[in-house]
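I have placed the structure first, in the form of structure tokens, so that the comments after it can refer back to it.
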Amino acid sequence: MGQLLSPPGPHAVHLCIDMQGLFAPGAPWATPWLERALPEAVRLIAHAPQRTVFTRFIPVRNKAEARGVWKAYYEKWECVTRDRVDPALLELMPALLRFVPPATVIDRQTYCAFANGRLQGFLDGHQVDTLIVSGGETDVCVLATVLAAVDIGYRVILAEDALCSSSDESHDALIELYTKRFSLQIEVASVDRILASWAVDD
């Protein structure tokens with residue numbers, strides 16, 4: 001795993017993306033790596049729960065509400081629309097619920113966690129300059145969120161062993177992309193390395 005260019009600093013936040021029941025074993029969008037990545041994410045959260053933001057992907061109420069190409073998406077995945085899905089599956093994984101509060105939860109209906117402005121508003125209000133990212137999936141919502149964060153100007157640190165995907169091939173390809181093409185803006189490191197250098201004052 002990679003090295004950090006410098007410690008995360010006092011204005012870092014841990015952004016834990018979509019560790020929800022929807023992606024747990026047996027759920028419609030089961031992500032096989034989730035159970036392996038979850039304990040590593042919990043280590044980061046426990047280090048600084050007050051500096052943790054959870055995002056949740058919340059599907060549309062029904063396929064008629066979907067816009068554009070999302071209509072075709074929810075034609076295929078009508079089982080996860082809010083009219084059909086078990087509401088418990090939209091919640092964070094049970095191991096994470098004890099951290100809220102002080103951790104914050106921000107919901108959205110798109111891959112990118114910045115799309116509706118709520119995350120940006122929270123980060124601006126807390127003078128955040130660095131995002132430590134965990135969660136899933138590496139090649140979908142993490143990808144969309146991380147590239148948006150780079151565009152905005154955040155320093156991004158990916159906690160490699162706290163990321164999960166349902167595709168080994170695309171996960172590995174994305175990690176290589178992040179480290180080779182975005183090395184000045186995206187750092188990839190283990191949870192151990194991040195925790196060893198992340199000092200939290202509040």
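Taken over the stretch 102-119, the criterion of being outside any strand (DSSP E or B) and under 15 Å from the mean Cα position of the chain (by Cα) is satisfied by ALA103, GLN109, THR110, TYR111, CYS112, ALA113, PHE114, ALA115, ARG118, LEU119.
The condition of being under 24 Å from PRO7 (Cβ atoms) and either open to solvent by 30 Å² or more (accessible area, probe 1.4 Å) or in a helix (DSSP H, G or I) (or both) holds for only one of PHE99, PHE122, that being PHE122. If the condition is being under 19 Å from ILE106 (Cα atoms), outside any helix (DSSP H, G or I) and either open to solvent by 20 Å² or more (accessible area, probe 1.4 Å) or among the basic types (Lys, Arg) (or both), then the stretch 46-63 contributes ARG56, ILE58, ARG61.
So which residues in the stretch 112-128 are of a type outside the set (A, V, I, L, M, F, W, C) and touching a strand residue (DSSP E or B) at 6+ places or on another chain (Cβ under 8 Å)? Of everything in the stretch 112-128, those that are of a type outside the set (A, V, I, L, M, F, W, C) and touching a strand residue (DSSP E or B) at 6+ places or on another chain (Cβ under 8 Å) turn out to be ASN116, ARG118, HIS126.
Could you tell me which of the residues ALA66, ALA72, ALA41, ALA37 is open to solvent by 10 Å² or more (accessible area, probe 1.4 Å) and either closer than 27 Å to LEU97 by Cβ or modelled with pLDDT of 95 or more (or both)? Give the steps one after another, and end with the answer.
Working: ALA66 fails: open to solvent by 10 Å² or more (accessible area, probe 1.4 Å); ALA41 fails: open to solvent by 10 Å² or more (accessible area, probe 1.4 Å); ALA37 fails: open to solvent by 10 Å² or more (accessible area, probe 1.4 Å).
Going through ALA66, ALA72, ALA41, ALA37 in turn, the sole match is ALA72.
Residues in the stretch 143-197 that are in contact (Cβ under 8 Å) with a residue 40 or more places away in the chain, surrounded by 22 or more Cβ atoms within 10 Å (Cβ to Cβ), touching a helix residue (DSSP H, G or I) at 6+ places or on another chain (Cβ under 8 Å) and assigned to a helix (DSSP H, G or I): VAL146, VAL191, ILE194.
The values are calculated or read from the model by the stated rules, or taken from the named source; none is laboratory data. Keep in mind the model is a prediction, meaning the values are calculated, not measured. Cβ: placed from backbone, ideal geometry, glycine included. Neighbour counts: every protein chain shown. Note: accessible area is taken over every heavy atom of the protein model, side chains too, but ligands, DNA and RNA are not part of it. Shrake-Rupley method; radii C 1.70, N 1.55, O 1.52, S 1.80 Å.
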